[in-house]
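Here, each number is a calculation from the coordinates, and none is a lab measurement. The structure presented is a predicted model; accordingly, all values stated were derived computationally and were not measured. Cβ: placed from backbone, ideal geometry, glycine included. Neighbour counts: every protein chain shown.
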Amino acid sequence: PLGVGGQDAELQEVVLAPHSLLVIYTDGLIEARGTDLDQGMLRLARELRHPEHPLDRVCDDLLAHLMPEVADDDVAVLLARALPR
């Protein structure tokens, strides 16, 4: 998980298709007190229906639709798009 310290990190290599969208986030984006984590994951998946949109628009939409009015936790989101070779 993004932002969790005290754990050994392992190098991972993943091959992504060109133009794939990589979304890395903290649990504060999808989880809040009294909400179900699985429901948060489903909401995230719904918000990522248009990965072809510009990254700033995808990020703005994610934050507008997923982040609670009053966040219980820090929220961090990192978006990256795989470039064609």
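For the reader, a short list of remarks on this structure follows.
- Once the mean of 1/r is taken over each pair of separate Cα atoms and inverted, the chain shows a Kirkwood hydrodynamic radius of 14.2 Å.
- Loop-located trypsin sites (Lys or Arg not before Pro) in segment 11-81 (DSSP state not H, G, I, E or B) with no more than 16 neighbouring Cβ atoms inside 10 Å: Arg33, Arg49.
- With the helix formula -39500 (n - 2.57) applied to DSSP H stretches of n ≥ 4, the chain reaches a computed 222 nm mean residue ellipticity of -8500 deg cm²/dmol.
- Local net charge near Gln39, Cβ-Cβ under 11 Å (Lys/Arg +1, Asp/Glu -1): -1
- Listed from fewest to most Cβ neighbours within 10 Å, the set Leu66, Leu22, Leu79, Leu11 follows the order Leu11, Leu22, Leu79, Leu66.
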